[in-house]
């Protein structure tokens, strides 16, 4: 099975709604590449979790999959979604497509990023490949905002777990340009949404697995410092909302707390929601509706969406 099966299911459900007299809020979703396609040395891997959610790995050709509301609004906010997976795989359905559909129902354009993972068998500069893909995604959306009816000054990035590390890396390192940028397009996201994010690569609070997969086991101190994103918050870091559980034993809540404190010190508009229970991944507690509605409320308060 491939990613296209999941997209076809989405389209089929939309057609069924229209057949039953309900207007679909989605335009057709079709992934598009970030770069010119290259031949796969290793086949992309697709597996499913116990609930049937697609998980991907061995990504050679990164893509964006758009979920665009067909509501006539020509100045929509847009969110680039980075699924988590410890820089080992991508939980692209549970932390990607399903979230994108929820945003589209709120009139917000969403783009699921299938980014390359730090696999030396596939990429040459493994530590920077994911960040390069995130920067390229922002560049493509900003340069083609008219095509998607999105506002070029309302393009944000969202990430879960290691995807939260990638999103926050894009938010603090947007001036470390990794992509060809002849038009000098701003690679700075306008806002960040970070869900139980990996922030620091400090071994006392960081997620060791994400660190080792991104940087290797014998990484140098400069790389550890560069990718400890709480150390790089500055006055123009994008406004941010964070969600975490206090009982998270995989990625300690201290990651979000440190980032939030640095945002406050730099007078960056920030909001944080800490749930007493939820562990890593927010299984049933808090519910999706709980934290997602808080996210939409914040976006409205920050005038990112009507």
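Assorted remarks:
- Helical runs assigned H by DSSP (4 residues or longer) give the chain a calculated mean residue ellipticity at 222 nm of -9500 deg cm²/dmol, each run adding -39500 (n - 2.57) before division by the residue total.
- Here the gap between residue 235 and residue 301, fully extended at 0.36 nm per residue and compared with their Cα-Cα distance, gives a gain of 21.7 nm.
- Shape call, segment 81-236: gyration tensor on alpha carbons, a/c limit 1.5: prolate
- Global form of the chain, assessed from the alpha-carbon gyration tensor, a/c cut-off 1.5: rounded
- Taking segment 31-301 and dividing mean pair separation by its residue count, relative contact order in percent (alpha carbons under 8 Å, at least six apart): 14 percent
- Proxy reagent accessibility, fewest Cβ within 10 Å first, across 295, 219, 82: 219, 295, 82
- The modelled label-to-label distance for the pair residue 294/residue 204, using points 7 Å beyond Cα in the direction of Cβ, is 2.6 nm.
- Rounded to the nearest 0.05, the FRET efficiency derived from the C-beta distance between residue 277 and residue 183 at R0 = 41 Å is 0.30.
- Shown is the FRET efficiency for residue 176 and residue 261, computed with R0 = 25 Å from the Cβ-Cβ distance and rounded to the nearest 0.05: 0.65.
- Sorted by Cβ density within 10 Å, fewest first, the residues 249, 63: 249, 63
- Note on residue 285 and residue 45: the model spin-label points, each 7 Å out from Cα along the C-beta direction, lie 3.4 nm apart.
- Highest mean first, the peptides 150-160, 203-213 sorted by other C-beta atoms within 10 Å per residue fall in the order 150-160, 203-213.
- Among 244, 273, the order by Cβ neighbours within 10 angstrom, fewest to most, reads 273, 244.
We did not get these values from a lab; they are worked out from the coordinates using the rules stated. A quick note: this is a predicted structure, and the numbers were derived from the prediction, not measured. Note that we place each Cβ from the backbone using ideal geometry, even for glycine, and neighbour counts take in every protein chain shown.
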